[in-house]
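A.B. asks: Got a structure for you, written out below as structure tokens; questions coming shortly.
The values are calculated or read from the model by the stated rules, or taken from the named source; none is laboratory data. As the structure is a computational prediction, the values presented were derived from the model and not from experiment. We place every Cβ from the backbone using ideal geometry, glycine too, and count neighbours over all the protein chains shown. Note: areas computed on protein heavy atoms with side chains; ligands, DNA, RNA excluded. Shrake-Rupley method; radii C 1.70, N 1.55, O 1.52, S 1.80 Å.
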Amino acid sequence: MNFSEVFKLSSQLCRFSPDGRYLASCVQYRLVVRDVSTLQILQLYTCLDQIQHVEWSADSLFILCAMYKRGLIQVWSLEQPDWHCKIDEGSAGLVASFWSPDGRHILNTTEFHLRITVWSLCTKSVSYIKYPKACQQAGVAFTKDGRHMALAERRDCQDYISIFVCSNWQLLRHFGTETQDLAGIDWSPNGCVLAVWDTPLQFKVLLYSLDGRLLSTYSAYEWSLGIKSVAWSPSGQFLAIGSYDEKVRILNHVTWKPITELEHSATINDPKIVVYKEMETCRAFRDEDASPPTVPNATSSLFSTHSKYEISPSPFSLRIVKPDPDRANPKIGVGALAFSPDNRYLATKNDNMPHTIWIWDVQKMKLFVVLEQVMDVRFFHWDPCQSRLAICTGNSKVYLWSPTGCVSVQVPTQDSFHVLSLCWHSSGNSLLLMSKDHFCLCYLEIEENEK
């Protein structure tokens with residue numbers, strides 16, 4: 001592995017372009033666009049206020065910068081640096097902004113979710129969509145081919161779904177949903193089925209076709225906290241549902257019935273399951289050592305913490321954090337799950353076991369590997385090209401798992417660099433690492449058989 005130098009960053013606003021050629025980063029009110037291969041600055045744009053959101057258009061030709069506090073959007077062109085666009089929502093305010101799949105329309109959600117404004121960069125026309133619902137997770141979803149948009153709505157104390165054609169923003173279907181308080185929506189990868197799930201107070205998933213027909217309804221139990229996370233498999237064959245009862249239920253795409261329940265037990269008894277436990281060693285710098293890195297914290301400059309994975313024998317007891325019953329949104333249940341791009345593995349995180357990542361074999365529908373970290377897992381992300389998982393825990397290391405093994409890598413920077421988030425490049429050859437105020441790139445060597 002090789003690492004780039006460290007660059008300044010604000011609010012972890014750093015994004016690869018969809019075509020993989022550029023890297024956009026924000027520093028206060030400045031937008032910096034770099035070449036991914038050399039990290040040389042190609043364009044430097046100055047916005048009217050501090051940037052709070054940045055997003056590339058699908059064709060990587062335009063960049064959207066949102067300044068929610070001022071209700072402003074600025075759009076910049078990479079091909080024509082002198083061209084720019086400013087959208088001011090005025091007194092209506094602004095709480096969200098995103099591109100349409102064609103990269104020529106911008107959708108702005110006004111304050112209090114009164115409406116969504118659709119702005120066209122080509123014709124300068126404006127369209128309005130009323131009654132968007134303020135969902136806990138996702139209230140807007142586009143099909144993968146970019147042809148249709150599903151929008152969750154709330155009117156007359158009832159939930160509705162509207163499906164729009166993205167080419168002309170005409171309403172295709174409008175129908176009510178059998179939900180008490182719709183929490184999120186998501187299209188299947190082929191764009192034929194829309195998954196709708198209800199409030200965490202009720203376990204309920206509804207599957208709708210593109211023309212609004214209810215295909216199936218699934219409820220695992222009643223009178224207890226329900227769904228916490230939902231994810232489609234890349235093939236569209238499975239829908240994984242993580243819930244507050246610490247289980248993941250996998251629905252099949254034929255009957256929409258559960259084919260298995262993946263339980264997150266506190267003890268691993270099966271000797272066939274590989275348990276990687278991170279072990280830390282703290283080494284003090286000696287006089288003959290090279291000078292320690294200059295960091296603000298004197299303690300961290302005197303000691304260097306190294307870590308490695310050790311395979312633990314079964315039975316193995318995982319660390320559990322008991323949730324506070326008096327606080328809202330208890331830290332319990334499966335709060336994050338993601339399928340690998342080749343559909344072979346499913347990675348999950350159970351929130352009351354925050355140090356642990358669970359990796360399941362999708363073909364066998366069984367637990368395959370467990371990783372227990374020293375610190376709480378902040379974020380994990382699959383390599384888009386192969387079964388390789390990157391993990392960060394808020395320290396100065398990045399962790400990689402693949403079926404061949406597990407590795408812990410120290411980020412070699414002079415100042416303390418705590419990795420809070422990460423993102424793979426579309427080629428899978430590099431990894432973007434972000435701390436609170438900085439970012440760097442981690443380059444992974446390509447094996448001969450992958451060339």
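A.B. asks: Can you say whether residue 375 is farther than 23 Å from residue 270 by Cβ, at pLDDT 95 or above and over 15 Å from the mean Cα position of the chain (by Cα), as far as the supplied structure shows? Step through it out loud before you land on a result.
C.D. replies: Values: farther than 23 Å from residue 270 by Cβ: yes; at pLDDT 95 or above: yes; over 15 Å from the mean Cα position of the chain (by Cα): yes.
Spelling it out, residue 375 is indeed farther than 23 Å from residue 270 by Cβ, at pLDDT 95 or above and over 15 Å from the mean Cα position of the chain (by Cα).
A.B. asks: Can you tell me which condition residue 116 does not meet? The list is (1) open to solvent by 30 Å² or more (accessible area, probe 1.4 Å); (2) aliphatic (A, V, I, L, M); (3) over 28 Å from residue 400 (Cβ atoms), and all the others hold.
C.D. replies: Here residue 116 meets the rest and fails (1).
A.B. asks: Applying the selection to segment 336-350, what residues are outside any strand (DSSP E or B) and open to solvent by less than 30 Å² (accessible area, probe 1.4 Å)? Walk me through how you get there before you give the answer.
C.D. replies: Applying the first criterion (outside any strand (DSSP E or B)) to segment 336-350 yields 340-344.
340, 343 - these are the residues of segment 336-350 that are outside any strand (DSSP E or B) and open to solvent by less than 30 Å² (accessible area, probe 1.4 Å).
A.B. asks: With the requirement that a residue be open to solvent by 70 Å² or more (accessible area, probe 1.4 Å), closer than 19 Å to residue 67 by Cβ and in a loop (DSSP other than H, G, I, E, B), what does segment 2-30 give you?
C.D. replies: 11, 28, 29
A.B. asks: Follow-up question, since we're still on this one. Among 43, 80, 74, 50, which is open to solvent by 20 Å² or more (accessible area, probe 1.4 Å), more than 21 Å from residue 442 (Cβ to Cβ) and not in a loop (DSSP other than H, G, I, E, B)?
C.D. replies: On the way: 80 fails: not in a loop (DSSP other than H, G, I, E, B); 74 fails: open to solvent by 20 Å² or more (accessible area, probe 1.4 Å); 50 fails: not in a loop (DSSP other than H, G, I, E, B).
Matching residue, one of 43, 80, 74, 50: 43.
A.B. asks: Only one of (1) surrounded by 18 or more Cβ atoms within 10 Å (Cβ to Cβ); (2) touching an Asp or Glu at 6+ places or on another chain (Cβ under 6 Å) is not met by residue 374, so which one is it?
C.D. replies: Tallying (1) surrounded by 18 or more Cβ atoms within 10 Å (Cβ to Cβ); (2) touching an Asp or Glu at 6+ places or on another chain (Cβ under 6 Å), residue 374 fails exactly one: (1).
A.B. asks: To continue, here is another question. State whether one or more residues within segment 166-185 are assigned to a strand (DSSP E or B), under 28 Å from residue 340 (Cα atoms) and not aromatic (Phe, Trp, Tyr). Even if it seems obvious, please write down each step before you answer.
C.D. replies: Restricting attention to segment 166-185, the residues satisfying the condition of being assigned to a strand (DSSP E or B) are 170-176, 184-185.
Restricting the remaining residues to those that are under 28 Å from residue 340 (Cα atoms) gives 184-185.
Pick out the ones that are also not aromatic (Phe, Trp, Tyr) and you get 184-185.
Yes - at least one qualifying residue is present in segment 166-185.
A.B. asks: Assuming residue 158 fulfils every condition listed in (1) of a type outside the set (A, V, I, L, M, F, W, C); (2) in contact with a strand residue (DSSP E or B) (Cβ under 7 Å, 6 or more places away or on another chain); (3) in contact (Cβ under 8 Å) with a residue 24 or more places away in the chain apart from one, which condition is it?
C.D. replies: It fails just one condition, (3).
A.B. asks: Here is a check on your reading of the model: is residue 398 touching a residue at least 24 places away in the same chain (Cβ under 8 Å), of a type in the set (Val, Ile, Thr) and open to solvent by 20 Å² or more (accessible area, probe 1.4 Å)? Walk me through it before giving the result.
C.D. replies: Numbers: touching a residue at least 24 places away in the same chain (Cβ under 8 Å): yes; of a type in the set (Val, Ile, Thr): yes; open to solvent by 20 Å² or more (accessible area, probe 1.4 Å): no.
When the stated conditions are applied, residue 398 does not pass them.
A.B. asks: Condition first: open to solvent by less than 10 Å² (accessible area, probe 1.4 Å), within 19 Å of residue 134 (Cα to Cα) and in contact with an Asp or Glu (Cβ under 8 Å, 6 or more places away or on another chain). Now tell me which residues in segment 94-106 satisfy that.
C.D. replies: 94, 97
A.B. asks: Need pairs with beta-carbon distance below 7 Å; first residue at positive phi and within segment 332-349, second among the β-branched types (Val, Ile, Thr) and open to solvent by 20 Å² or more (accessible area, probe 1.4 Å); sequence gap 6+ or separate chains.
C.D. replies: Qualifying pairs under 7 Å: none.
A.B. asks: Can I ask one more? May I ask you to say which residue of 69, 86 is out of contact with any Asp or Glu (no Cβ under 8 Å at 6 or more places or on another chain) and over 21 Å from residue 146 (Cβ atoms)?
C.D. replies: On the way: 69 fails: out of contact with any Asp or Glu (no Cβ under 8 Å at 6 or more places or on another chain).
After ruling out the rest, the residue left standing is 86.
A.B. asks: Filter segment 189-219 for residues that are charged (D, E, K, R) and either in contact (Cβ under 8 Å) with a residue 40 or more places away in the chain or open to solvent by 20 Å² or more (accessible area, probe 1.4 Å) (or both) and give the result. Break it down into steps so the answer makes sense when it comes.
C.D. replies: Narrowing segment 189-219 to residues charged (D, E, K, R): 198, 204, 211, 213.
204, 211, 213, listed by residue number.
A.B. asks: Here's a follow-up. What are the pairs with Cβ atoms under 9 angstrom where one residue, in segment 122-141, is at negative phi and the other, located anywhere, is among the basic types (Lys, Arg) and open to solvent by less than 50 Å² (accessible area, probe 1.4 Å)? Sequence gap at least six, or different chains.
C.D. replies: Matching pairs, first to second residue: 139/133.
A.B. asks: Which number in (1) open to solvent by 40 Å² or more (accessible area, probe 1.4 Å); (2) within 28 Å of residue 236 (Cα to Cα); (3) touching a Ser or Thr at 6+ places or on another chain (Cβ under 8 Å) marks the one condition that residue 418 misses?
C.D. replies: Tallying (1) open to solvent by 40 Å² or more (accessible area, probe 1.4 Å); (2) within 28 Å of residue 236 (Cα to Cα); (3) touching a Ser or Thr at 6+ places or on another chain (Cβ under 8 Å), residue 418 fails exactly one: (2).
A.B. asks: Take the conditions modelled with pLDDT of 95 or more and open to solvent by 20 Å² or more (accessible area, probe 1.4 Å) and apply them to residue 319. Does it pass? Even if it seems obvious, please write down each step before you answer.
C.D. replies: Working: modelled with pLDDT of 95 or more: yes; open to solvent by 20 Å² or more (accessible area, probe 1.4 Å): yes.
Yes: the conditions hold for residue 319.
A.B. asks: Got a number for residues in segment 31-40 being among the hydrophobic types (A, V, I, L, M, F, W, C) and either farther than 28 Å from residue 69 by Cβ or not in a strand (DSSP E or B) (or both)? Write out each step before concluding.
C.D. replies: Step one: list which residues in segment 31-40 are among the hydrophobic types (A, V, I, L, M, F, W, C), which gives 31-33, 36, 39.
Then drop every residue that is not either farther than 28 Å from residue 69 by Cβ or not in a strand (DSSP E or B) (or both), which leaves 36, 39.
Qualifying residue count, segment 31-40: 2.
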